[in-house]
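**Q** Below is the structure I would like to discuss, written out as structure tokens.
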Amino acid sequence: DIFGMVAINSILQTFYAVGIIALCIIFQPELRDMLEEFGNTTSKNIKRITTRHAAEEDGTLHAIEEICASAFELSSKGEGALIVLERTGRLRNQMTEGVKIDAIVSRQLLCNIFVNRSPLHDGAIIINRNRVVAARCILPSTQSQVPKSYGTRHRAALGMSEVSDAIILVVSEETGGLSIAQGGVIQRD
């Protein structure tokens, strides 16, 4: 406008209008998640979270103990497992592909899910705080080069850790070894 460039001004105005719509379309899932989180965070929820913080810590510590006990039990029985511990990033895409479960974490539940002939043993389970949220979830496999000794569970755990802040526990069916993936890095055994 200042320099009297009418054609460029017209092109840029059109680009801005289309660009904003294009950004909304491209980032639609992220915008929806952000708005959903904002909608869920009310003053009532914040007050409830702060007053129940100590109780949730106890539940979370109990869940960690149960997860560890089940991992060692599954390892000793030669059963494999893939357990995703959800943190700040929501894993809605993986949950919608799996079977929704809303149960308190327990060693018996986890061991029953991962029994070899159980209908839920294929795939991963997702745990949020002290609750099993979903089972039979499909995780993205890593696209990076990994050793040939990595099985499907290890590749899925590594892939999930590359795209989220989750902590993924793997119990190897073949070796019985326990591995943890976080931040695109996997620590075996």
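The values are calculated or read from the model by the stated rules, or taken from the named source; none is laboratory data. Everything quoted here is computed from the prediction, not taken from an experiment. All Cβ positions, even for glycine, are placed from backbone atoms using ideal geometry, and neighbour counts span all protein chains on display. We work out accessible area using only protein heavy atoms, side chains counted, and drop any ligands, DNA or RNA first. Shrake-Rupley method; radii C 1.70, N 1.55, O 1.52, S 1.80 Å.
**Q** How many of the residues making up region 141-189 are among the hydrophobic types (A, V, I, L, M, F, W, C) and closer than 17 Å to Ile67 by Cβ?
**A** Our first condition is that a residue be among the hydrophobic types (A, V, I, L, M, F, W, C); within region 141-189, this holds for 146, 156-158, 160, 163, 166-171, 178, 180-181, 185-186.
The next check asks that each one be closer than 17 Å to Ile67 by Cβ; those that pass are 157, 160, 166-171, 178, 180-181.
Number of matching residues: 11.
**Q** Quick check on my filter: what residues within region 139-177 are outside any loop (DSSP other than H, G, I, E, B) and open to solvent by less than 40 Å² (accessible area, probe 1.4 Å)? Break it down stepwise before answering.
**A** So in region 139-177, the residues outside any loop (DSSP other than H, G, I, E, B) come out as 152-163, 167-171.
Scanning region 139-177 gives His154, Ala156, Ala157, Leu158, Gly159, Met160, Ser161, Ile168, Leu169, Val170, Val171.
**Q** Sort out which residues of region 86-135 are of a type in the set (Ser, Thr, Tyr) and at pLDDT 85 or above, and write them in order of number. Give the steps one after another, and end with the answer.
**A** First, the residues of region 86-135 that are of a type in the set (Ser, Thr, Tyr): 88, 96, 106, 118.
Matches in region 86-135: Ser106 only.
**Q** I've got another one for you. With at positive phi and surrounded by fewer than 20 Cβ atoms within 10 Å (Cβ to Cβ) as the only criterion, which of Arg107, Arg129, Arg87 stands out?
**A** Only one candidate qualifies: Arg129.
**Q** Please enumerate the residues belonging to region 138-181 that are charged (D, E, K, R) and either touching a Cys at 6+ places or on another chain (Cβ under 6 Å) or over 21 Å from Leu120 (Cα atoms) (or both). Give the derivation first.
**A** Of region 138-181, the ones charged (D, E, K, R) are 148, 153, 155, 162, 165, 173-174.
Result: Lys148, Glu162, Asp165.
**Q** Also, quick follow-up: Pairs under 9 Å by beta carbon, first residue over 16 Å from Val170 (Cα atoms) and among the hydroxyl-bearing types (Ser, Thr, Tyr) in region 132-145, partner open to solvent by less than 60 Å² (accessible area, probe 1.4 Å) and in a loop (DSSP other than H, G, I, E, B), six or more apart or different chains?
**A** Ser144/Gly184
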